[in-house]
Amino acid sequence: MASQMAILFRTRSLLPKTTTTIKSITTFPFLSQEPQLVDPTPAPTHTSLPPNPASGSPLYNENWRSPIPPSTSSHALTTLGSYNRTTSDTYDPHALLDLFGDWMASQRWHDVKQLFEAWVRSLDKTGKPNKPDVNLFNHYLRANLMIGASVDELLDLVSQMDHFNISPNTASFNLVLKAMYQANETVAAQKLLQRMLETGKESLPDDESYDLVIGMLFNTYEIDAAFKYIDLTLKSGYMLSMKVFMDSVKSCVNKGRLDTLVTIIERCRTTDQNKALCPSWNSCNFITEIAIQEDNSKLAFYGLEFMARWIVKGERARPPILLSVDEGLVLSAILTAGRTYDSELLGAAWAVLIRSLRKKKAPNPESYLGKIHALASLGNLQKAFGTLNEYESAYGDAGQEAEELFCPFTSLHPLVVACSKKGFETLDNVYFQLENLNRGENPYKSVAALNCVILGCANVWDLDRAYQTFESIGSTFGLTPDIHSYNGLMYAFGKLKKTHEASRVFEHLVSLGLKPNAKSYSLLVDAHLINRDVKSALAVINDMTAAGFEPSKETLKKVRRRCLREMDYESDDRVESLARSLNYRLGSEGRRDMLFNLDYSMEYP
């Protein structure tokens with residue numbers, strides 16, 4: 001017995017000494033009776049009854065009589081989060097709405113989500129379950145959207161609004177559409193928008209709804225579907241946002257659907273809400289450049305119109321902001337108007353150019369010539385000659401440069417073609433109009449205009465009208481013919497193989513002290529070649545080089561061709577030597593020789 005007591009004593013000494021009472025197994029026949037403190041009796045508390053099951057609380061959805069399958073969504077309302085019941089009981093719906101507004105401003109999306117989930121699981125002060133309204137639930141939807149919830153999860157949350165007898169409104173569906181926009185789910189977005197149209201007033205699409213769907217469709221280049229919803233947006237009285245408009249520009253340009261873009265702009269102009277639609281200044285330049293490249297006159301007109309609005313808006317600002325359109329861009333628009341026969345674009349481009357220059361300088365000669373070309377293409381010869389008058393007033397005293405600026409063979413050639421389009425009928429009409437202007441109070445006299453008539457007569461092989469017009473320069477209009485007048489007359493004689501008369505015109509202008517230009521010598525060379533006189537043509541070329549002018553490559557090719565036709569190989573060698581000295585590569589005439597040597601007889605071999 002003593003040994004057993006010693007072992008027990010050693011065993012008890014190894015146990016850790018703690019304040020907690022340790023009960024050990026004893027070998028004594030009697031039990032150890034140790035006094036223990038009695039737990040104090042808690043004070044009686046008054047508890048309230050549970051809520052009425054008929055009140056519609058989602059707590060009773062877990063009843064075995066009406067079970068609900070557990071939600072597979074990680075964002076379901078069954079998760080209470082870190083907020084306990086005591087915290088969520090302190091807020092009524094209005095206070096919670098204000099709190100959510102503050103938290104959303106600081107982007108505390110997780111806190112909004114967790115508090116809402118705890119709040120809907122708790123009771124209000126009257127013991128009834130908290131019931132959110134649609135605005136409060138939309139805050140919860142937005143929090144889930146910002147956290148990164150998927151489209152399926154948001155649609156599941158929207159379906160849970162039925163448990164609270166809440167109908168989703170337009171803002172609710174817009175949050176889902178934003179998720180679809182991020183996921184680029186165009187088919188689901190169109191179906192949801194159709195559902196919004198069918199449900200009723202509270203959930204009808206607004207401008208944000210349409211913008212999300214239209215932007216999504218343009219990003220995926222579904223242009224026809226996007227255009228359908230744009231039309232629906234405008235008919236509903238909403239304004240098309242600038243972002244959606246720029247999406248339409250990008251999509252239509254990338255797919256080459258500029259006509260669709262023109263239709264969108266025209267539809268916007270028909271509604272009061274979208275009449276003031278005007279993209280940024282850089283976007284206007286981009287639209288205009290693309291339209292000019294594709295020869296789309298309507299789109300170019302709208303681009304210039306947008307730019308004109310910016311110019312007017314800048315001039316009315318205080319302090320004024322003076323915007324100017326690049327003259328090269330306007331010139332391209334003018335030439336596009338001439339190619340597409342669009343007088344509206346021509347007028348808009350010229351008006352924008354004058355507004356941009358602000359009377360500080362005249363337009364460049366290229367701009368005037370472009371306008372003359374466009375008017376001539378449109379057949380408006382009266383305005384074309386009026387522009388020629390302005391052109392002469394601005395650059396008529398340019399000295400040596402004026403010779404090329406008013407040359408009917410190059411600069412004013414489109415006007416010459418327009419004058420001879422219907423033969424002598426148009427030429428006589430133009431000439432008589434010039435005579436009438438000469439007799440007016442402010443007489444208009446222009447040698448350049450008469451030179452166009454002379455060359456036009458030469459184009460229709462009417463030598464008599466060309467000579468009479470040349471003589472009327474001095475007799476009727478009291479002007480002095482210039483070098484272009486004599487060149488036009490030489491061209492008329494040369495076309496009819498009157499080489500001797502053309503040579504006399506050349507000698508006459510030299511005797512008057514006028515200096516022939518390169519075109520004068522070239523026309524005389526052509527007159528000799530028409531009569532197959534290669535020797536005389538080469539003599540004129542020698543005089544041309546002696547006068548300091550270089551014959552053109554085209555002139556030398558004509559002379560060489562005639563040398564081969566006449567089998568004058570000596571002259572051909574001289575032409576080749578002259579071409580090498582001028583670093584011209586005349587090339588071969590193989591294809592022309594094949595056509596020249598064709599046998600056109602009807603005899604069979």
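For the range 401-451, filtered to residues that are of a type in the set (Asp, Glu) and closer than 16 Å to PRO481 by Cα, the residue that is nearest to the chain's Cα centre (by Cα) is GLU404.
For the range 498-509, name all the residues that are part of a helix (DSSP H, G or I) and touching a helix residue (DSSP H, G or I) at 6+ places or on another chain (Cβ under 9 Å). It would help to see each step written out before you state the result.
Narrowing the range 498-509 to residues part of a helix (DSSP H, G or I): 499-509.
Within the range 498-509, THR499, HIS500, GLU501, ALA502, SER503, ARG504, VAL505, PHE506, HIS508, LEU509 qualify.
One residue stands out among those in the range 426-455 that are assigned to a helix (DSSP H, G or I) and of a type in the set (S, T, N, Q): the one that is least open to solvent (accessible area, probe 1.4 Å), which is ASN451. Pairing each residue of the range 176-192 that is open to solvent by 50 Å² or more (accessible area, probe 1.4 Å) with any residue that is outside any helix (DSSP H, G or I) and not small (Gly, Ala, Ser), provided the two are 6+ apart or on different chains, yields C-beta distances under 8 Å for ASN184/THR220. Checking the structure you have, find out if any residue of the range 368-383 is assigned to a loop (DSSP other than H, G, I, E, B) and over 21 Å from ASP482 (Cα atoms). Checked against the condition, which is being assigned to a loop (DSSP other than H, G, I, E, B) and over 21 Å from ASP482 (Cα atoms), the range 368-383 yields at least one hit.
Only residues that are out of contact with any Gly (no Cβ under 9 Å at 6 or more places or on another chain), within 29 Å of ARG121 (Cβ to Cβ), not β-branched (Val, Ile, Thr) and not in a helix (DSSP H, G or I) were counted in the range 145-195, giving 5. Inside the range 377-400, residues that are farther than 17 Å from LYS445 by Cβ, of a type in the set (S, T, N, Q) and under 39 Å from the mean Cα position of the chain (by Cα) make up a count of 2. Condition check for ALA394 on (1) surrounded by 20 or more Cβ atoms within 10 Å (Cβ to Cβ); (2) farther than 15 Å from ILE454 by Cβ; (3) among the small types (Gly, Ala, Ser): one failure, at (1).
Only one of (1) over 24 Å from PRO363 (Cβ atoms); (2) open to solvent by 60 Å² or more (accessible area, probe 1.4 Å); (3) in a helix (DSSP H, G or I) is not met by SER251, so which one is it? It fails just one condition, (2). Cβ-Cβ contacts under 7 Å between residues 6 or more apart (or on different chains), taken from a first residue in the range 500-528 that is of a type in the set (A, V, I, L, M) to a second residue that is outside any helix (DSSP H, G or I) and open to solvent by less than 40 Å² (accessible area, probe 1.4 Å), are listed as LEU509/PRO516; VAL510/PRO516.
Quick one: in the range 198-235, which of the residues that are among the polar types (S, T, N, Q) and at pLDDT below 90 is surrounded by the most Cβ atoms within 10 Å (Cβ to Cβ)? Outline the logic, then answer.
Our first condition is that a residue be among the polar types (S, T, N, Q); within the range 198-235, this holds for 199, 203, 209, 219-220, 233.
In the following step, the residues that additionally are at pLDDT below 90 were identified as 199, 203.
Working: THR199: 15, SER203: 20.
Selected residue: SER203.
The values are calculated or read from the model by the stated rules, or taken from the named source; none is laboratory data. Computed from a predicted structure; not experimentally measured. So basically every Cβ, Gly included, is an ideal-geometry build from the backbone, and we count neighbours across all protein chains shown. Remember, those area values only see protein heavy atoms, side chains included, never the ligands or the DNA or RNA. Shrake-Rupley method; radii C 1.70, N 1.55, O 1.52, S 1.80 Å.
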